[in-house]
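The values are calculated or read from the model by the stated rules, or taken from the named source; none is laboratory data. These figures come from a predicted structure and were not determined experimentally. When we count neighbours, we look across all protein chains shown, and the Cβ atoms used for this are built from the backbone with ideal geometry, even at glycine. Ligands, DNA and RNA are stripped out before the accessible areas are found, and what is left, the full protein with its side chains, is counted by its heavy atoms. Shrake-Rupley method; radii C 1.70, N 1.55, O 1.52, S 1.80 Å.
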Amino acid sequence: MKVEISVDGARTLVMHEQTLFHAAVVHRNTHAAWRSLDRIHIFSQEFGLMHLASHWRMLRYASSLRDSREVLGQITPLALAPIGNITGKLPFGNTGRANVSAFQQVDIPPDLNAQIAKL
């Protein structure tokens, strides 16, 4: 199910997740850091520049971890995300990670739906 979110709502949720991401990095909690980056992608993927920024963050974080699989997995989305945004052919809810097909639609976790509904 596709959830409608405004650009301001997406920005608010992205800023919240960025704060959580930075805290996770400081505490060296890679699981929590990736979780926040996944959520940032979900919130931002309908908005061109925010979408690109989410993949750029993932690429930078993967690079900092020396995770070559994820680094390579972020290069193609950086190139193709603008086309997906222009054509509207983005798989809703996709986390944007290398471990998920770029064409796979994913259900949004219930807690994210709740956050979106509060906007």
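Any idea what diffusion coefficient the chain gets from Stokes-Einstein, in µm²/s, Kirkwood Rh on alpha carbon pairs, 20 °C, 1.002 mPa s?
My calculation gives 150 µm²/s for D.
With the chain treated as a Gaussian network of Cα nodes joined by springs under 10 Å, which of 20, 80, 59 yields the largest mean-square fluctuation?
Judging by the Gaussian network model, the answer is 80.
Compute the relative contact order of the chain as a whole-number percentage, counting only Cα pairs closer than 8 Å that sit 6 or more residues apart in sequence.
About 24 percent, as a whole number.
Can you figure out the FRET efficiency of residue 7 with residue 28, using R₀ = 30 Å and their beta-carbon distance, to the nearest 0.05?
So the FRET efficiency works out to roughly 0.40.
Mind checking the per residue accessible area of the chain for me, 1.4 Å probe, whole number of Å²?
59 Å²
What trypsin sites (Lys or Arg not before Pro) in region 45-99 are in a loop by DSSP, with at most 11 other Cβ atoms within 10 Å of the Cβ?
Hits after loop and neighbour filter: 66, 89.
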